[in-house]
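Accompanying notes for the structure given below.
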Amino acid sequence: MKRRAISLVASASILGLLFLGACGGDGDDQASGDQAADTEAAIAEFGIGLPAPDFALKDLNGNEIKLSDQRGKAVVVDFWATWCGPCRAVMPHLQELSEEYAGKLEVLAVSLDQNPGSAVPPFAKKHGLTFTMLADSRSPEVAQQWGGIRSIPTSFLVAPDGKVVHRWVGVHGREEYEKEIRKVLGLES
């Protein structure tokens, strides 16, 4: 009985770590040859303090949303997928923050689902997500422009001037996102 209890606790711990981590690869990419070199080059070209790569992707209503149209606001660009447990854990934080900082913060959730047009709308409805969900088949190209996203969720904070100021990989608490958002909005106490 004691062994079974220990086994159950160990299994639950492993599942918890998987859930709270991130979906996808880590620093040990399984890509090979030219693909690995291209990924490393994209990551080397992209970084904090640089202008955010602009993009135009379709939202759930088919409207084209451009990152550059958000100038003057802080923007969280979140790369995610509906099948990713850690991504789902971040969504409530992003929803709360988008509501609390409405007019000052824009959340752009870039879906990396294989069929985003069919996967994202029911997901957003089920979870009551009202921030901007981008469900466009061109999203993987955008992810590549943003340094080759290796695991999801990966979120970036873009300052009102259009420069990337912070990056989060994996699941983080709401307070971690809010601390950086408040800084970029000049609201830190």
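Summary table below
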quantity	calculated
So HIS93, is it farther than 18 Å from ALA56 by Cα and in contact with a Phe, Trp or Tyr (Cβ under 7 Å, 6 or more places away or on another chain)	yes
Failed condition for LEU97, given (1) touching a Lys or Arg at 6+ places or on another chain (Cβ under 9 Å); (2) among the aliphatic types (A, V, I, L, M); (3) under 18 Å from ILE65 (Cα atoms)	(3)
Pairs, first more than 18 Å from LEU60 (Cα to Cα) in the range 137-149, second assigned to a helix (DSSP H, G or I), C-beta under 6 Å, six or more apart	GLN144/ALA42; GLY147/ALA42; GLY147/ILE43; GLY148/THR39; GLY148/ALA42; GLY148/ILE43; ILE149/ALA143
In the range 60-106, residue nearest to the chain's Cα centre (by Cα) [restricted to those that are in a strand (DSSP E or B) and surrounded by fewer than 17 Cβ atoms within 10 Å (Cβ to Cβ)]	LYS66
Scope the range 113-171; condition of a type in the set (Lys, Arg) and under 22 Å from PRO92 (Cα atoms); matching residues	LYS125, LYS126, ARG167
Residue within the range 117-135 that is more than 25 Å from GLY186 (Cα to Cα), in contact (Cβ under 8 Å) with a residue 12 or more places away in the chain, assigned to a strand (DSSP E or B) and not hydroxyl-bearing (Ser, Thr, Tyr) present	yes
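Any read-out appearing in this document is the output of simple, stated calculations on the displayed coordinates, not a laboratory observation. Just so we're clear, the structure is a prediction, and the values are computed from it rather than from any experiment. Note that we place each Cβ from the backbone using ideal geometry, even for glycine, and neighbour counts take in every protein chain shown.
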